[in-house]
Amino acid sequence: MAAARACLVALAVAAALFLEGTAAAGNAGAAPLKQRRRQLLRQRQSPDGDLIDCVHISNQPAFDHPFLKNHTIQMRPAYHPEGLYDESKVASQQQTQTITQMWHQNGKCPEDTIPIRRTKKEDVLRASSVRRYGKKRHRSTPNPMSVDPDMLNESGHQHAIAYVEGDKYYGAKATINVWQPKIEQANEFSLSQLWILGGSFGQDLNSIEAGWQVSPDLYGDNNTRLFTYWTSDAYQATGCYNLLCSGFIQINNQIAMGASIFPISNYGGSQYDINILVWKDPKEGNWWLQFGDNYVLGYWPSFLFSYLTDSASMIEWGGEVVNSEPDGSHTSTQMGSGHFPEEGFGKASYFKNIQVVDSSNNIKAPRGVGTFTEQSNCYDVQNGNNGDWGTYFYYGGPGKNSNCP
């Protein structure tokens, strides 16, 4: 057993050293030693300690995928959704501020390159195995249709979400309040995101995800970071976070997946939020990602998926944490701001202007929005609607408390 463990550690170190020597991580979960070296054109040192490598767009990890060897990069979507919500026309008294990424303080990447957060050997060594590096656990997607206590304990993931189902969906959008929740255990995380889902909640689930997260296990710190995720088999073998495997094709030279975003909201003080939009291009069929109002980041080719090749059957928005039950009690890892929804603006975290894209490529308010949480005394969700915020909800909580032992 000890010999096997030593062998695994040696393999992890070798893989990580290779990754650190490249301009960016390739498919670290699958076969890191087979990845070709990436052409490093420029490097940026972020104030938070990250190294951001500017890699030529044609040398990014996506093209390690066998089906993308001769792929022609689509440099812009053929269509944006019709009727994108124009927040500049809304005169709200609850104003929020502009968010950027920390590494921008030391410059940006030149044209024809993309920024990639460099994977270090310490990052890989923190993972349970080289194969699982950069991957979520199986059964980590919230299933509002079933609350099975055995499954809750088995997966360790808890959620507070809003969702829609019962139609065909071709995208989703949200404005997400940004916080820095406290994490109790290094192997836990807290995130706020949207899910584009297809298939069942069994072995064939397709999911596209984007938002912000705090994950000491993945990044080695407690910074709030922009992230994406995808899977076509319920988090088993396919997919990964950010650009840690082949799949997502990035076209933007200004925003780095997995990099820190700042500033973050303060309890009772300034509030900050980000806009996330994911939609299916009706002409090419690829799923596109937009950050903010101006940054089209790239796309997931439709062939990566089975059900999502056509459309999504459910959209979810909200928070997720890992509850590892330290010492047999509920974790004190926070979701959102770490405060319950009833505290309201400036204290509780929110999603506002949540929208869906329909079969005619129109973006519109969702109908029949439901809410779901496994344990409302630990993390809760409350939704509403008004003229300024459209369809919105507050969500989150402190985790362990007198009512959540």
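The values are calculated or read from the model by the stated rules, or taken from the named source; none is laboratory data. Given the structure is predicted, the values throughout are model-derived calculations rather than measurements. Cβ: placed from backbone, ideal geometry, glycine included. Neighbour counts: every protein chain shown. What goes into the accessible areas is simple: the full protein's heavy atoms, side chains included, and nothing from ligands, DNA or RNA. Shrake-Rupley method; radii C 1.70, N 1.55, O 1.52, S 1.80 Å.
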Verdict on PRO110 being over 29 Å from PHE303 (Cα atoms), assigned to a loop (DSSP other than H, G, I, E, B), at pLDDT 90 or above and open to solvent by 50 Å² or more (accessible area, probe 1.4 Å): no
Meets criteria (over 22 Å from the mean Cα position of the chain (by Cα), open to solvent by 20 Å² or more (accessible area, probe 1.4 Å) and more than 22 Å from HIS80 (Cβ to Cβ)) for LYS364: no
Selected residue (only one of ALA312, ALA237 is under 23 Å from ALA127 (Cα atoms) and either touching a Leu at 6+ places or on another chain (Cβ under 8 Å) or open to solvent by 20 Å² or more (accessible area, probe 1.4 Å) (or both)): ALA237
Residue satisfying condition, being assigned to a strand (DSSP E or B), touching a residue at least 40 places away in the same chain (Cβ under 8 Å), under 25 Å from ARG118 (Cα atoms) and among the β-branched types (Val, Ile, Thr), within set ILE261, ILE196: ILE261
Odd one out for GLY268 among (1) open to solvent by 10 Å² or more (accessible area, probe 1.4 Å); (2) at negative phi; (3) part of a loop (DSSP other than H, G, I, E, B); (4) in contact with a Lys or Arg (Cβ under 8 Å, 6 or more places away or on another chain): (2)
Residues of region 119-141 satisfying the condition of being surrounded by fewer than 22 Cβ atoms within 10 Å (Cβ to Cβ), at pLDDT 80 or above and in a loop (DSSP other than H, G, I, E, B): LYS120, ALA127
